[in-house]
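The values are calculated or read from the model by the stated rules, or taken from the named source; none is laboratory data. Please read all numbers here as calculations on a predicted model, not as lab measurements. As a convention, Cβ positions derive from the backbone with ideal geometry for all residues, glycine included, and neighbour counts pool all protein chains shown.
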Protein chains: 2
Amino acid sequence: MSILCVGSVALDSIETPFGKHDDILGGSATHFSCAASYFSTVNLVAVVGEDFPQHHLDFLRSRGVDLEGLEVATGSTFRWKGRYGYDLHNPETLDTQLNVFADFNPKVPQSWCEPKILFLANIHPALQRDVLTKVKRPKLVALDTMNFWIEGEPEELRRTIAAVDMVIINEAECRALAKEPSLLQAARTILSWGPKTLVAKQGEYGALLFHGDEVFAAPGLPLEKVLDPTGAGDSFAGGMIGYLDQISDPQYEDFKHAVVMGSVMASFNVEDFSCDRLRNLSAEEITRRYQTFRSLSHFEPVPADFLPKA
Amino acid sequence: MSILCVGSVALDSIETPFGKHDDILGGSATHFSCAASYFSTVNLVAVVGEDFPQHHLDFLRSRGVDLEGLEVATGSTFRWKGRYGYDLHNPETLDTQLNVFADFNPKVPQSWCEPKILFLANIHPALQRDVLTKVKRPKLVALDTMNFWIEGEPEELRRTIAAVDMVIINEAECRALAKEPSLLQAARTILSWGPKTLVAKQGEYGALLFHGDEVFAAPGLPLEKVLDPTGAGDSFAGGMIGYLDQISDPQYEDFKHAVVMGSVMASFNVEDFSCDRLRNLSAEEITRRYQTFRSLSHFEPVPADFLPKA
């Protein structure tokens, strides 16, 4: 069991109404790896600069993340600075310094060239496709992307999407990608390009899974405290892919479970800054949170007597 | 089995990207009654003007709605004119003419003074409380309200909320009412004022049921077509209360079913303008839609082998 993940490792400076932290551990591949690490082993392909703190590397290794594919390049680590308002949606980007990430050219170590699952986090869609040429085709390839590529590289992105099995993006990105205001129609359009599965993340409202002709809604859990939503989508993908990596031939019910487990990990991620809430979760905490999700959305069939009569 | 409903009957002029219709049947009590009529009998207390078309009365009677409490007053019927953009949220109000609704003083016919369930649709909170003094206390009293009263009559509204069993409002109204950005905290605050049950409607995302210490999330169904969201919240309440009226001593599981049935009726309501989709649904259509909601959110327990190990 192991997952190949290609994406960004960054140093974030985040301000929310609940705190302000500079140069904390961030990046799509980081949040993904932390969440997935509770279910499987992640082989991480990313790049950092010479300034990247050793203790972050130590932490990722402590989570069982294999860093053989983490390149340390000359220069500074990718930095993002953002500020959230009280609604904790749509952060204002205060500064972006791509630094070594600007020239990121994913190198997959020889021993990782036959992954079982490949997760392509949000990077240039041409780079995502390039990674696919460097490995033996895994049983499952999933990708995330963002509005920047949907608007800036629509053709490249569409070619990449056609080459993967699963797309995990925000609902607004679904609509923008398909140029279709109805989420249902947007999902059908994207699936018609090739993928078998699409997950539309809906933030605090949960996520919709489109799998062939099936639709499943995972609920969002109303939380006691949300300190920092950064990385929620990546930890969602990590929980989901980590869960799926345990199953040799996942079926629809397994994908449903995976979406719930993604929601579980994302719900932890937002409870603290950076990946701090995912540093040291116990199996019991995760199981209890999963059970909370189950009772949140489970209902027995409505008694036939109470359904309308003809 | 019968429900006493007090609220507005109106003539709406609605523009959405999918059509434009003038002086169509609207009003909170109308949408509520149409939805509830598939489960129970509604005794309607409202006011219209002399200009109110006979065919709308005929339609409501055809749905089994008892109009003995519908006053026809000198003057014109309440009119609302609104326009929705492509997101179909937050309509722009183009015109409001309260007309006879401005002096609405709900009169409950003598034979309706012992209702089993009372639904107080969105009217002035003092009027809502006044209705409570005119009837023998039913087993269940529910109310809806709106931002206009939350902002303009907070003390009146809070007194009324303290006197009811169930509050059915939008999630944004929950937050505004409790002055609390966290929906979970807002729900707890409102429940602390007296009601046993709070439903936070979330539009296309479904609804959250807070019942004592329990929380249940009903999913939103991604729809093929949404033509006009007007009255979605009222038809939600109608499906919910109509369902509950069938059950003598509803427990938590029944409230969950009721929220799902509210979602079912709201999902029909938005598929056409006015109450047109609710004119003539078959029992089969409602049952099939309910089953779609069930399969949308149902998942089997995750196998213990795939949960994280200690």
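Odds and ends about this structure:
- Within region B:156-183, the set of residues being among the charged types (D, E, K, R), away from chain A (no Cβ under 14 Å) and either surrounded by fewer than 17 Cβ atoms within 10 Å (Cβ to Cβ) or not in a helix (DSSP H, G or I) (or both) comprises B:156, B:158, B:159, B:165.
- Count of residues meeting criterion [basic (Lys, Arg) and closer than 28 Å to residue A:25 by Cα] in region A:184-241: 2
- Of all residues in region A:237-272 being assigned to a helix (DSSP H, G or I) and among the β-branched types (Val, Ile, Thr), the one that is farthest from the other protein chains (Cβ to nearest Cβ): A:241
- Scanning region A:277-305 for residues that are of a type in the set (A, V, I, L, M, F, W, C) and modelled with pLDDT of 95 or more gives A:278, A:281, A:283, A:286, A:293, A:296, A:299, A:302.
- Just one of the listed residues (B:44, B:57) is among the hydrophobic types (A, V, I, L, M, F, W, C), part of a helix (DSSP H, G or I) and touching a strand residue (DSSP E or B) at 6+ places or on another chain (Cβ under 8 Å), namely B:57.
- Of all the residues in region A:70-92, those that are assigned to a strand (DSSP E or B) and under 20 Å from the mean Cα position of the chain (by Cα) number 5.
- Residues (under 11 Å from residue A:272 (Cβ atoms) and within 8 Å of chain B (Cβ to nearest Cβ)) located in region A:210-230: A:225, A:226
- Here residue A:29 fits the description: within 16 Å of the chain's Cα centre (by Cα) and either closer than 15 Å to residue A:10 by Cα or touching a residue at least 24 places away in the same chain (Cβ under 8 Å) (or both).
- Checking each residue in region A:273-292 for being assigned to a helix (DSSP H, G or I), of a type in the set (Ser, Thr, Tyr) and touching a residue at least 12 places away in the same chain (Cβ under 8 Å) picks out A:290, A:292.
- Residue within region B:280-294 that is touching a strand residue (DSSP E or B) at 6+ places or on another chain (Cβ under 8 Å) and either more than 9 Å from chain A (Cβ to nearest Cβ) or under 26 Å from residue A:213 (Cβ atoms) (or both) present: yes
- Unique residue being touching a strand residue (DSSP E or B) at 6+ places or on another chain (Cβ under 8 Å) and more than 21 Å from residue A:261 (Cβ to Cβ) when the list is A:209, A:184, A:198: A:184
- Unmet criterion (only one of (1) surrounded by fewer than 19 Cβ atoms within 10 Å (Cβ to Cβ); (2) touching a residue at least 12 places away in the same chain (Cβ under 8 Å); (3) of a type in the set (Phe, Trp, Tyr)) for residue A:148: (2)
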